[in-house]
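S.K.: Before we start, here is the structure in question, set down as structure tokens.
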Amino acid sequence: MNKHKKIVLMLSALLAAIIICLAFLWIRFGQRTKSYECTNFAMDTYVQQTVYGKNGETAAAAAAKKIGELEDLISWRITDSDIDKLNQSSGSDWVSLDARTISVLQKSLDVAQKSGGAFDPTILPITSLWDFEGSNQHVPSKAEIDKYLKYVDYNQLRVNAKDSTASLKLHYTAVDLGAIGKGAACDEAVAAYRQAGADCGIIAVGGSVGVFGVKQDQSPWHVAVRDPRSSETQSASMGTIDLTSGFVSTSGTYEKFFTKDGITYHHLLNPKTGYPENNGLISVTVVCDNGALSDALSTACFVLGTEKGTALLQEYNAGGIFIDTNNQVFITNNLKNSFNIVEKQYTMTNDDVK
């Protein structure tokens, strides 16, 4: 074989090797799904989205639109919202409401009934006294709480899904869906991802998170559980949940609070007493197949405590992580293989949690 032919063969072999290498790189990296990330503000909190696929940006925009529409329907603070109309009509007429509002109200009533009122959507007469989200945070007098506590009663809320109407039986009874709204927003976002043809995505609306679809590498989504001891400006995680689908919501004493005369008051009120629940818990995280339910359940379980909260979660086939003031972490059995503690100050002690 002459020298020229040897050079040609060597160059051909080199070219073939380059082609194989490029093909491998394309398979390994070139086909990665494009991601789109955005952050906006709704429901008095930040909304963070990461959506994958060629329709990612379109899907994220659709999700943001749906969340804005939901807020306009279910926020009692927005004049002429569905909930504002319902509250203004308390003690009188049935009100025609959007189907989305009816759905959230139905889920609220379901959790209220099954939790024995530990979660109560008619808590507005009491939450408005404390004004945790406003500019007049203060400790109400016992006389004020006693006066308005009698109007907190989920049995006064009636929902007719067939006619898409609802009513409040008594004057002064009023609905506040703040403890279920962010989870419901995650439901809207995931539905938008699906409809827009996104490959997969994850959304966080305050303390609620929703995931959609399977990541390209088939690995689970890693959802952080906030360290309840961390500050708002330097928040950190105490653990992670491996999630292939579903929703995660956390209710903690760190979310909304104020200190008066050396005593710290948080926003997780017991509907039966009108005061912040003080049962030794500082955070409850719930994993569920529905965003609105995960949000409502995290509040209900915080008020109920670990034992009764765990029993409630079993009714919904949901999982829970309960963190107490001693940094002990109680976890339901269905999350044993998917939850990991990453902050050493916390200790897993779930021997008596079924």
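S.K.: Which one is surrounded by the most Cβ atoms within 10 Å (Cβ to Cβ) among residues in the stretch 288-346 that are assigned to a helix (DSSP H, G or I) and among the acidic types (Asp, Glu)?
M.R.: ASP295
S.K.: Moving on to the next point. For VAL139, are the conditions met, namely being touching a Gly at 6+ places or on another chain (Cβ under 8 Å) and modelled with pLDDT of 95 or more?
M.R.: Values: touching a Gly at 6+ places or on another chain (Cβ under 8 Å): no; modelled with pLDDT of 95 or more: yes.
Against the criterion (touching a Gly at 6+ places or on another chain (Cβ under 8 Å) and modelled with pLDDT of 95 or more), VAL139 does not qualify.
S.K.: Based on what the data block shows, is ARG194 of a type outside the set (Gly, Ala, Ser), at pLDDT 95 or above and touching a strand residue (DSSP E or B) at 6+ places or on another chain (Cβ under 6 Å)?
M.R.: no
S.K.: Also, I was wondering about something else. Within the stretch 220-237, count every residue that is within 19 Å of ASN334 (Cα to Cα) and more than 16 Å from the chain's Cα centre (by Cα).
M.R.: Looking only at the stretch 220-237, we keep the residues that are within 19 Å of ASN334 (Cα to Cα), and these are 220-225.
Now restrict to residues that are more than 16 Å from the chain's Cα centre (by Cα): 220.
So the count comes out to 1.
S.K.: Something else now. Working only within the stretch 88-106, note down all residues that are assigned to a helix (DSSP H, G or I) and either over 20 Å from the mean Cα position of the chain (by Cα) or surrounded by 23 or more Cβ atoms within 10 Å (Cβ to Cβ) (or both). Steps first, answer last, please.
M.R.: Within the stretch 88-106, the first condition is being assigned to a helix (DSSP H, G or I), and the residues that meet it are 88, 99-106.
Selection gives GLN88, ALA99, THR101, VAL104, LEU105.
S.K.: Just need a number here: residues in the stretch 70-87 that are part of a helix (DSSP H, G or I) and loosely packed, with under 15 Cβ neighbours inside 10 Å.
M.R.: 1
S.K.: Please indicate, with yes or no, whether at least one residue in the stretch 241-251 is crowded, with 20+ Cβ neighbours inside 10 Å and among the acidic types (Asp, Glu).
M.R.: No: zero hits.
S.K.: Got a number for residues in the stretch 121-169 being of a type in the set (Asp, Glu) and more than 15 Å from PHE258 (Cβ to Cβ)? Spell out the reasoning first.
M.R.: Just the residues of the stretch 121-169 that are of a type in the set (Asp, Glu), to begin with: 131, 133, 144, 146, 153, 163.
Subset that is more than 15 Å from PHE258 (Cβ to Cβ): 144, 146, 153, 163.
Residues flagged as of a type in the set (Asp, Glu) and more than 15 Å from PHE258 (Cβ to Cβ) within the stretch 121-169 amount to 4.
S.K.: Kindly indicate the residue of the stretch 144-175 that is touching a residue at least 60 places away in the same chain (Cβ under 8 Å) and β-branched (Val, Ile, Thr) and also nearest to TYR275 (Cα to Cα) among those meeting that condition.
M.R.: ILE145
S.K.: In addition: Just name the residue that is nearest to ASN290 (Cα to Cα) out of those in the stretch 228-245 that are touching a residue at least 40 places away in the same chain (Cβ under 8 Å) and not hydrophobic (A, V, I, L, M, F, W, C).
M.R.: By that ranking, first place goes to SER245.
S.K.: What is the number of the single condition among (1) aliphatic (A, V, I, L, M); (2) part of a strand (DSSP E or B); (3) modelled with pLDDT under 95 that LEU11 does not meet?
M.R.: Among (1) aliphatic (A, V, I, L, M); (2) part of a strand (DSSP E or B); (3) modelled with pLDDT under 95, the lone unmet condition for LEU11 is (2).
S.K.: Tell me yes or no: at least one residue of the stretch 124-133 is in a strand (DSSP E or B), at negative phi, buried (at least 19 other Cβ atoms within 10 Å of the Cβ) and not assigned by TED's automatic domain parsing to the domain that holds LEU268.
M.R.: no
S.K.: Only one residue in ASP93, ASP163, ASP131 is modelled with pLDDT under 95 and in contact with a strand residue (DSSP E or B) (Cβ under 9 Å, 6 or more places away or on another chain). Which one?
M.R.: ASP93
S.K.: Follow-up question, since we're still on this one. Can you tell me which of GLY183, GLY178 is part of a helix (DSSP H, G or I), closer than 22 Å to SER81 by Cα and not acidic (Asp, Glu)? I'd like the intermediate steps shown before the answer.
M.R.: Numbers: GLY178 fails: part of a helix (DSSP H, G or I).
The unique qualifying residue is GLY183.
S.K.: Only one of VAL209, VAL248, VAL214, VAL225 is touching a residue at least 24 places away in the same chain (Cβ under 8 Å), within 15 Å of GLN49 (Cβ to Cβ) and in contact with a strand residue (DSSP E or B) (Cβ under 7 Å, 6 or more places away or on another chain); which?
M.R.: Numbers: VAL248 fails: within 15 Å of GLN49 (Cβ to Cβ); VAL214 fails: within 15 Å of GLN49 (Cβ to Cβ); VAL225 fails: within 15 Å of GLN49 (Cβ to Cβ).
The conditions single out VAL209.
S.K.: Somewhere in the stretch 323-336, is a residue of a type in the set (Asp, Glu) and on the phi < 0 side of the Ramachandran plot?
M.R.: Taking every residue of the stretch 323-336 in turn, at least one turns out to be of a type in the set (Asp, Glu) and on the phi < 0 side of the Ramachandran plot.
The values are calculated or read from the model by the stated rules, or taken from the named source; none is laboratory data. On a predicted model such as this, the values are computed, not experimentally measured, just so you know. As a convention, Cβ positions derive from the backbone with ideal geometry for all residues, glycine included, and neighbour counts pool all protein chains shown.
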